[in-house]
Amino acid sequence: LRMISESRFPYTIVQAPNRTTAAIQVGSGKDAQIYTAEEMVASLLEYAKRLANDAADGSPVTECVLVVPAFWSPAQRQALLDAAELAGLNVMSLVHTHAAAALQYGIERDFTNKTEDVLFYDLGGGAAEAALVRFSSFQAADAPAGSPATSQFEVKDVSWVDHGVGGDALEAT
């Protein structure tokens, strides 16, 4: 909230009606509009949905996978799921950011004859995350002779600092 109040945005933070959380008020007086965090995120997801629909040549996009930081609480995850529902999206899964990065890293690499440990580091705007991931391959016991091995990854450890460490803090110094 401190960052928002110091940024001079064209809205104010108010108590959300019938909730214990904050909301955003745009305008003042009888023209004031109040939006919850879920409604604001839903508007971003609706925009992303429109872009995806356009990229899919107009085919409706209704299912998605969303990426979240490892340190998000169950309440934050639920709020994102609520926002997706408001946007008309069916969330197939929530995936941690480091797992998504590991999947992208390993998708075009071959680990058939090696094991590789990779450290993924993410310095976001207000948080920092690090994850140690092991890439390897395995051959199923019941696989026919000569069949290819399957690549896999395992997240060995994750650590984060989610308050006051990140790009915003570096820029402020």
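The values are calculated or read from the model by the stated rules, or taken from the named source; none is laboratory data. In this text, all values refer to a predicted model and were calculated from it rather than measured experimentally. We place every Cβ from the backbone using ideal geometry, glycine too, and count neighbours over all the protein chains shown. These accessible areas exclude ligands, DNA and RNA; they are computed on the full protein's heavy atoms, side chains included. Shrake-Rupley method; radii C 1.70, N 1.55, O 1.52, S 1.80 Å.
Numbers at a glance
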| quantity | calculated |
| --- | --- |
| Considering residues of segment 100-152 that are surrounded by 15 or more Cβ atoms within 10 Å (Cβ to Cβ) and among the charged types (D, E, K, R) only, the residue farthest from Trp72 (Cα to Cα) | Arg134 |
| Of all residues in segment 58-87 being in contact with a Lys or Arg (Cβ under 7 Å, 6 or more places away or on another chain) and either of a type in the set (Ser, Thr, Tyr) or farther than 23 Å from Ala127 by Cα (or both), the one that is most open to solvent (accessible area, probe 1.4 Å) | Val61 |
| Filter pass, Ser159 being within 13 Å of the chain's Cα centre (by Cα), loosely packed, with under 15 Cβ neighbours inside 10 Å and not basic (Lys, Arg) | no |
| Residue count, segment 13-33 (criterion: buried (at least 16 other Cβ atoms within 10 Å of the Cβ) and closer than 21 Å to Ala84 by Cβ) | 3 |
| Among (1) touching a Lys or Arg at 6+ places or on another chain (Cβ under 8 Å); (2) not in a strand (DSSP E or B) - the single one Ser136 does not satisfy | (2) |
| Single condition Thr36 does not satisfy, out of (1) loosely packed, with under 15 Cβ neighbours inside 10 Å; (2) under 20 Å from Leu86 (Cβ atoms); (3) not hydrophobic (A, V, I, L, M, F, W, C) | (1) |
| Residue ranges of strands (runs of 3 or more DSSP E) in segment 1-86 with at least 3 members without any contact (Cβ under 8 Å) to a residue 24 or more places away in the chain and either within 29 Å of Ala128 (Cβ to Cβ) or within 21 Å of the chain's Cα centre (by Cα) (or both) | 22-26 |
| Residues that are more than 26 Å from Ala16 (Cα to Cα) and either open to solvent by less than 60 Å² (accessible area, probe 1.4 Å) or of a type in the set (Phe, Trp, Tyr) (or both), drawn from segment 39-54 | Lys49, Ala52, Asn53 |
| Failed item, numbered, when Asn53 is tested on (1) among the polar types (S, T, N, Q); (2) at pLDDT 85 or above; (3) in contact with a helix residue (DSSP H, G or I) (Cβ under 9 Å, 6 or more places away or on another chain) | (3) |
| Condition broken by Ser93, with the remaining ones in (1) open to solvent by less than 40 Å² (accessible area, probe 1.4 Å); (2) within 26 Å of Arg50 (Cα to Cα) satisfied | (1) |
